[in-house]
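Laboratory data are not the source of any read-out in this text; all were calculated from the coordinates shown. Note that the coordinates shown come from a computational prediction; the quantities given were computed from them, not determined experimentally. Backbone-built Cβ (ideal geometry, glycine too); neighbour counts: all protein chains shown.
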Protein chains: 2
Amino acid sequence: MSEVATAIMDAAEKRMRIGGFGGFSFREIAADVGVKSSSVHYHFPTKEDLAAAVVRRYGEWASNFIDEALLVDPDPVKAWTKAFRGTIVAGTMCPCIVMGAASQDLPPTVAAEVRRFFEMHAKKMADAGLDPEQASELLATITGASVLANVFSDTAEYDRATHDLLPEAVAA
Amino acid sequence: MSEVATAIMDAAEKRMRIGGFGGFSFREIAADVGVKSSSVHYHFPTKEDLAAAVVRRYGEWASNFIDEALLVDPDPVKAWTKAFRGTIVAGTMCPCIVMGAASQDLPPTVAAEVRRFFEMHAKKMADAGLDPEQASELLATITGASVLANVFSDTAEYDRATHDLLPEAVAA
DNA sequence: CTTTGACTATCTTTTGATAGATAGACGGTT
DNA sequence: AACCGTCTATCTATCAAAAGATAGTCAAAG
């Protein structure tokens, strides 16, 4: 993976976090990176290719991130809630949530990668000890909390929505 | 509101449920309705105007829908979970969830209408007896469950994610 | 005779994509 | 060392389609 190809994926991911698949163009990415749009096509023939590659890379990063978080705190609810919160605190959205909401409008390979992302989380949650319902509800809640925080441009909304998930809250 | 204007909004809403703000064009809408794209501009000068009008109308419809649902079953958790489920069962997405996920990419007035939609729900939940944390979590969970069901094209995923919200499940 | 609603026609930008040229790096052959 | 072919990466130039928007026309209704 060349230097430029990585920069292209970085730029695309940044824009996908804001506007999803329709939120970026070859020319915008090219300008961000400092090359011509044809050079972007050289590395990623089609827009679908680029988006799919970005989502896959993001999923791999997320997978590793969660693994490390679980080493620090093995409680899956806390680990995942905190992990997704990090994205929101940074003022960004998880690109898979943005694209997942418009899943029916995605090219097939991109939709498949997005599905893979959520499947990965569900599977990892099961491995961490949650049963299917618990895993689905946790994933749904932190996903929805991200959307709400995005809509209100307010991290506090994420915290409010996930407040009762955390053990301390239940005890209070 | 003319016959045609209503048909335009219907067509726009249908496409927005799939692809959000970027998921429709004046020409597509015009073709759906059977008029020329310039006629769409006549009724809704800009794309932003059309989208904002659709979201507002959808919010009003949703508000009435919830009011009626609460008359049938005053338990807010059951009422909202069932209401959002209806959209998913129909194989569609709530347009406000699709657009909310890409909120940062929306024209200001459209983003404001989407915010209004979620504020409306939060307020109504409070009126129905939920405290702020419960309301936020419920809204987040059914929102996220909708996204997951959309990603997996599977209503069962919505049910799994919302299973523990329902009283019967807690008792089990 | 003004308003309403829709039409024709057209403009400008943007977009995804392609073709073809160029320049440099690398490796093998003479 | 000098030459040759190939591959890589990028550029210039361009296409065809799609998109949002506007100007001006026309017919029917009140």
* Asked: Between copies, how close do the A:Gly91 label points come, placed 7 Å along Cα→Cβ, listed in nm from shortest?
  -> 4.2
* Structure fact -> What the Cα atoms of the protein assembly as shown span along the principal axes, largest first and in whole Å, is 57, 56, 30
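Based on alpha-carbon atoms only, what is the radius of gyration of segment B:1-50 relative to the globular estimate 2.2 N^0.38 Å?
For segment B:1-50, the normalised Cα radius of gyration comes out at 0.98.
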* Residues B:Leu139, A:Leu148 arranged by fewest to most Cβ contacts within 10 Å -> B:Leu139, A:Leu148
* Past the 26 Å Cα-Cα mark, which pairs from A:Lys123/B:Lys123; B:Lys47/B:Lys123; B:Lys82/B:Lys123; A:Lys47/B:Lys82; A:Lys47/B:Lys47? -> A:Lys123/B:Lys123; B:Lys47/B:Lys123; A:Lys47/B:Lys82
* Report the net charge of residues surrounding B:Lys14, where surrounding means a beta-carbon distance below 11 angstrom and charges are Lys +1, Arg +1, Asp -1, Glu -1. => -2
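Name the GluC sites (Glu not before Pro) in segment A:15-60 that are in a loop by DSSP and that have at most 13 other C-beta atoms within 10 Å, would you?
In loop regions of segment A:15-60 (DSSP not H, G, I, E or B), there are no sparsely surrounded GluC sites (Glu not before Pro).
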* Structure fact -> Residue-normalised 222 nm signal for chain B, counting each DSSP H run of n ≥ 4 as -39,500 (n - 2.57), nearest 500 deg cm²/dmol, is -24500 deg cm²/dmol
* Towards the positive end of the charge dipole of segment A:52-171, with charges on Cβ (+1 Lys, Arg; -1 Asp, Glu), say which of A:Val77, A:Ile88, A:Val55 has the farthest Cα. => A:Val55
* Give, rounded to the nearest 20 debye, the magnitude of the charge dipole that chain A has about its Cα centre when Lys and Arg contribute +1 at Cβ and Asp and Glu contribute -1 at Cβ. => 580
* **Acute angle (nearest 10 degrees) that the helix A:47-72 long axis makes with the longest principal axis of chain A, alpha-carbon atoms** => 30
* Asked: When you look at the Cβ of every residue in A:111-120, what mean number of other chain Cβ atoms sits within 10 Å?
  -> 2
* To do: Please give the helix B:76-89 orientation as an angle from the longest Cα principal axis of chain B, in degrees from 0 to 90, rounded to the nearest 10.
  => 50
* In whole Hz, what ³J(HN,Hα) sequence does segment B:20-29 give by Karplus (6.51, -1.76, 1.60; θ = phi - 60°), x for Gly and Pro? -> x, 5, x, x, 8, 10, 4, 5, 4, 4
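Under the definition of partner shielding as Cβ atoms of other protein chains within 10 Å of a residue Cβ, what is the mean value for peptide A:153-165?
On the way: counts 4, 0, 0, 1, 5, 2, 2, 9, 12, 4, 5, 6, 3.
Average neighbour count from other chains, rounded to a whole number: 4.
Please compute, for peptide A:9-20, the average count of beta-carbon atoms on other protein chains lying within 10 Å of each residue's beta-carbon.
Mean shielding by partner chains, rounded to a whole number: 2.
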